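Down below is the structure, laid out as structure tokens.
The values are calculated or read from the model by the stated rules, or taken from the named source; none is laboratory data. Being a predicted model, the structure only gives us computed values, none of them experimental. Cβ placement follows ideal geometry from the backbone for every residue including glycine, while neighbour counts extend to all protein chains displayed. Quick note on the areas: whole protein, heavy atoms, side chains included, nothing else; ligands and nucleic acids left out. Shrake-Rupley method; radii C 1.70, N 1.55, O 1.52, S 1.80 Å.
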Amino acid sequence: MAQFALRRSHIIAAASLTALLASCAHSPQPPAPSQPPVTSPSPETGPISYESSGHADIDAWRKDFSARALAAGHDRAVVKSVLTGISPLELWLGSTFQPAQTGIEDQAEFAKPIWDYLRVPMSNSRISTGQARLAENPALFDALEAAYNVDREAIVAIWGMETSFGAIKGNYDGPNVLANMAVEGRRKGLAESELLSLMKILEKGDAQRDDLKAGWAGAMGHTQFMPSTYIAFAQDFDGDGLKDIWNSEADALASAANYLSSSGYALHQPWGIEVLAPTGFDYSLADGNERRMESWMQAGLVPAAGGAFNTNGANYAELWLPAGAEGPKYLLFNNFKVFKTYNNADSYAFAVGLSGDAMGGRMGPVAAWPTHLHPLTVSEIKTLQAALNAKGFDAGVVDGIPGRKTKGALQAFQKSQGLVADGYPTREALAMVTGSGSVGVAVSPGTN
Ligand SMILES: [Ca+2]
């Protein structure tokens with residue numbers, strides 16, 4: 001606490017001095033003092049000195065980075081306040097628990113079957129809380145939609161995904177998390193660049209040093225902005241002069257809406273529409289390519305909810321099979337891509353879209369998830385990728401992520417074998433590729 005008080009005093013001192021100078025410039029000239037005020041500090045120069053963190057790597061990095069931040073023209077008091085009190089976090093630099101070093105295996109977007117991943121975003125409590133948030137402040141959401149042209153359900157769904165509507169914003173000191181990330185090393189460039197952004201935030205007066213709370217990877221506030229994102233997109237929507245994404249829901253939600261709007265969000269257009277496909281449909285068309293709505297209709301796709309397609313002017317969509325040909329099928333529109341600019345995972349964007357729809361009273365999907373299938377783990381995906389590459393179907397880098405290239409390679413393999421070419425990486429599909437038996441090959445009902 002004492003350290004925080006000390007750090008805050010640097011900013012207050014700098015701000016008071018600025019205010020004093022500003023007021024002088026606009027006031028009648030006082031009698032000239034006979035000599036400079038004795039309280040005026042002589043400008044400090046040279047390296048900033050810090051108390052040791054007790055961690056040699058942190059101390060060495062901070063000395064070097066502090067000098068570079070000063071050389072880049074950052075305010076001395078701000079640099080010092082940001083880098084004072086940096087200390088090693090077990091999470092990043094400890095020896096016993098290092099999620100930062102476990103790679104993608106810990107990222108839920110890749111590790112779980114989609115229907116498991118969706119359990120929390122589509123839970124009754126998440127949906128009902130989102131609906132309650134929408135209902136308790138309709139004027140705010142009217143204003144947000146009018147100002148940013150982003151549907152309120154999308155804004156609230158992201159709020160729910162990021163922090164459970166502000167319940168889990170993260171209570172790490174943002175500068176300390178980023179400093180630890182820099183010292184840990186693999187994301188040094190990103191961490192240092194984000195630290196410089198934090199300095200800019202303080203220099204502009206958009207937030208105060210002690211406000212800079214973050215999650216374990218440096219994302220801040222209700223809607224989890226990295227510092228550079230904050231600089232580019234944060235908004236003061238309640239008009240108090242601060243862009244307070246930590247404590248002001250209006251500011252945080254406006255900031256998220258501004259980000260979505262700047263990423264190309266189109267008001268009242270769907271992110272996705274669940275569809276039904278006719279018998280004999282060619283699932284290799286789920287290849288990541290967008291096609292005109294007319295061609296999807298000619299191919300026989302119809303809305304799963306019945307009626308006619310209503311896309312509000314969205315003319316292009318790609319067909320996406322989140323769980324293969326046996327599961328729910330979606331046409332995805334541009335707003336889905338916009339969700340992915342927040343977090344570049346299909347499952348994340350899907351959860352935003354589905355949960356937002358549910359908060360708006362439209363539950364999906366209509367079709368059941370094929371929970372009898374066995375999606376691959378990260379290490380099994382690597383096996384699949386290597387096996388496809390070995391057979392001449394280019395799955396790209398063996399990274400354990402079932403991206404579009406991996407799915408395309410699996411589809412090409414399936415097509416070559418006369419199988420349903422849905423590209424869904426299951427144990428059943430892996431067995432076909434590796435030739436280790438034909439356990440329950442995924443054949444879609446209503447196909448062939
Ligand atoms: Ca504000």
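Among the residues of the range 248-280, which ones are surrounded by fewer than 23 Cβ atoms within 10 Å (Cβ to Cβ) and near the ligand (Cβ under 9 Å from one of its atoms)?
Within the range 248-280, 248, 250 qualify.
On the basis of being polar (S, T, N, Q) and assigned to a helix (DSSP H, G or I), does residue 258 make the cut?
yes
Does the range 186-198 contain at least one residue that is within 14 Å of the ligand (Cβ to nearest atom), surrounded by fewer than 22 Cβ atoms within 10 Å (Cβ to Cβ) and in a helix (DSSP H, G or I)?
No, because not a single residue in the range 186-198 is within 14 Å of the ligand (Cβ to nearest atom), surrounded by fewer than 22 Cβ atoms within 10 Å (Cβ to Cβ) and in a helix (DSSP H, G or I).
Is at least one residue of the range 213-225 touching a residue at least 40 places away in the same chain (Cβ under 8 Å) and more than 25 Å from residue 349 (Cβ to Cβ)?
Scanning the range 213-225 turns up at least one residue that is touching a residue at least 40 places away in the same chain (Cβ under 8 Å) and more than 25 Å from residue 349 (Cβ to Cβ).
One residue is enough: does the range 156-179 have a residue meeting the conditions outside any loop (DSSP other than H, G, I, E, B), over 30 Å from residue 336 (Cβ atoms), within 16 Å of the ligand (Cβ to nearest atom) and in contact (Cβ under 8 Å) with a residue 24 or more places away in the chain?
no
Quick check on the range 225-242: of everything there that is more than 16 Å from the ligand (Cβ to nearest atom) and open to solvent by less than 40 Å² (accessible area, probe 1.4 Å), which residue is nearest to residue 341 (Cα to Cα)?
Among those that are more than 16 Å from the ligand (Cβ to nearest atom) and open to solvent by less than 40 Å² (accessible area, probe 1.4 Å), it is 229.
When you scan the range 129-140, how many residues do you find that are open to solvent by 60 Å² or more (accessible area, probe 1.4 Å), among the polar types (S, T, N, Q) and in a helix (DSSP H, G or I)?
Selection size over the range 129-140: 1.
Conditions first: (1) under 31 Å from the mean Cα position of the chain (by Cα); (2) modelled with pLDDT of 95 or more; (3) in a helix (DSSP H, G or I). Residue 387 passes all but one, so which condition is the exception?
Result: residue 387 fails condition (1) only.
Conditions first: (1) on the phi > 0 side of the Ramachandran plot; (2) within 16 Å of the ligand (Cβ to nearest atom). Residue 218 passes all but one, so which condition is the exception?
Just one mismatch for residue 218, condition (2).
For the range 396-414, indicate whether the set of residues that are closer than 18 Å to residue 434 by Cβ, in contact (Cβ under 8 Å) with a residue 12 or more places away in the chain, hydroxyl-bearing (Ser, Thr, Tyr) and part of a helix (DSSP H, G or I) is non-empty.
yes
Among the listed residues 314, 349, 325, which satisfies the condition of being within 30 Å of residue 434 (Cβ to Cβ) and not assigned by TED's automatic domain parsing to the domain that holds residue 399?
Sole residue among the options that is within 30 Å of residue 434 (Cβ to Cβ) and not assigned by TED's automatic domain parsing to the domain that holds residue 399: 325.
Would you be able to tell me the number of residues in the range 326-383 that are assigned to a helix (DSSP H, G or I) and under 30 Å from residue 262 (Cα atoms)?
The qualifying residues number 23.
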